[in-house]
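Here's the structure, in structure tokens; my notes come after.
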Amino acid sequence: MRVNVNSEPVQVSAEGRAYNCYWPMPFQGKARIEIENQSDNRMGALYYYIDWLKREEPKKDALYFHAQYRQERPHDPAHDYTILEATGRGTYVGTVLSAHCGYHAWFGEGDDRVYIDGETEPSLVGTGTEDYFNDAWGFREFCHPQAGCPIFEGRSIDSRVTAYRWHVRDPIPFRKSIRFTIENKGWIAYENGKHYTNFGDRRDNYSSVAFWYQDKPATNVPPMPPLDERVDPELYFNGDQLMEIGQVGGSARAAMTFVRRIIPRSFFHLRALGPNAEVAFPIEIDQKGRYSVSLWKVGMPYGGIYEVSLDGKVIASHIDFYEEGDVIEEQGRIIPLREPHERKMGLHYLDPGKHELRFKCVGRNPQSHMQDSREPGHGLGLHGLSFRKIAFENMDQYLTAPE
């Protein structure tokens, strides 16, 4: 997921394509910044700009910037989740925490705990996950200079959450060591939605990045997990691939791929003449499991309302592709200028083999119309389709009778 972030030391714009970092990073002799593409996709372009200042004399007591990634997929409730464990003299300045929920209900009742200079009892003890991130009574999406929650999908299995808390204004100093942990506790419901407990040990996927300054390079840094251990396996079809496999029926005139001028990106476009237009996408699944199925929707002024079925079963009865906004004309084609948005369509157990995802037009927004003829619009725009295999299966097996 890519979203905008507006905070003091970190800013992200252009829907997650422009990354700006303002953390000071002092160095004495030399510095090296590397960016590695670990995906299988070719990076079309990378633009960067680095500001640095040479001082007359090095600062003798300088502290050096550190950032450390950790994860537990899923978290083991036998112990608190560790955000950072470091030895030396320094200052803790920030936390990013992400959770991928394995249960229904609110995940964030865990308290944060900070142990300074070898303490057996923490100096700082929080009152709940959202409280540490400067929110209250649950999360909602927000971005402030020192804290925020740019991603919050809700309180169900497969919901994703990312929050940040900067300690720029309230740094946490340490002389010998620091250990920062947080509980993974919260409300829990059975897979059928029935309430289990309002305070229990959860098995969510946790990942985090700790930010701190230290007098010497940290030596006990855990290795970065490989990509396939950091993300769920995903079968993704982009606009060009959808163009190749899409089977158009009904009153659809054509299925085409357009490239937007401002943001070079293709999407699958269905120009429909009436409410019975449809398109089917054959899908091949290799691994048996539980899949989170999503579409990346491109809204348009002439979008229709579509029903989506998977292997003949309706999984989304009303997806409105209408969205007002600017369009451009390029080589005789009317092209909407939109950012694609993910629309989840539930969790589904799939066996290996062939499956079919079908979109059928069932109506239109009253305001939807073709830009050239002003006729009623029933179009569809897809930037991509995603089948993401998640590890959360039969989570009820970990639940015993509540006390």
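FYI, it's all coordinate maths here, none of it is from the lab. Because the structure is a prediction, the values reported are computed rather than measured. Here the Cβ is made from the backbone with ideal geometry for all residues, glycine too, and neighbour counts use every protein chain on show.
A few comments on the model shown:
- Relative contact order %, the chain, counting alpha carbon pairs below 8 Å whose residues are six or more apart: 16 percent
- Label assignment, mean projected area of the Cα convex hull in nm² derived from the structure, set [x] 24.8; [y] 19.4; [z] 23.4: [z]
- Under 5 Å, built H, 5+ apart or other chain: amide partners of residue 362: 305, 306, 307
- Listed residues 190, 236, 47, most fluctuating in the chain (Gaussian network, C-alpha, under 10 Å): 47
- Calculated FRET efficiency for the pair residue 127/residue 315, C-beta based, R₀ 35 Å, to 0.05: 0.35
- Here the Karplus curve 6.51 cos²θ - 1.76 cosθ + 1.60, taken at θ = phi - 60°, turns the phi angles of the range 192-203 into couplings of 7, x, 5, 5, 10, 7, 9, 7, x, 6, 9, 10 Hz, with x standing for Gly and Pro.
- Relative to the current alpha-carbon distance between residue 14 and residue 40, full extension at 0.36 nm per residue lengthens the span by 7.1 nm.
- Virtual paramagnetic centre 7 Å along Cα→Cβ of residue 21, amide N under 16 Å, in the range 29-56: 31-38, 47-53
- Of all lysines in the structure, the ones whose alpha carbon falls short of 25 Å from that of residue 344, not counting any fewer than 8 places away in one chain, are 194, 288, 297, 313, 354, 360, 389.
- Other-chain or far-sequence residues with amide H under 5 Å of residue 83's (modelled H): 180, 181, 182
- Look at where the Cα atoms of the range 130-175 and of the range 195-228 average out, and the two centres are 15 Å apart.
- Potential lengthening between residue 351 and residue 224 on full extension [0.36 nm per residue; Cα-Cα distance subtracted]: 42.5 nm
- Amide H contacts of residue 191 (H built 1.01 Å from N, in plane; Pro and chain starts excluded): 396 sit under 5 Å, all sequence-distant by 5 or more or on other chains.
- The charge dipole of the chain, taken about the Cα centre with unit charges on the Cβ atoms of Lys, Arg (+1) and Asp, Glu (-1), comes to about 800 debye, rounded to the nearest 20.
- Cleavage-rule hits (chymotrypsin sites (Phe, Trp or Tyr not before Pro)) in the range 106-187: DSSP loop, at most 11 neighbouring Cβ within 10 angstrom: 137
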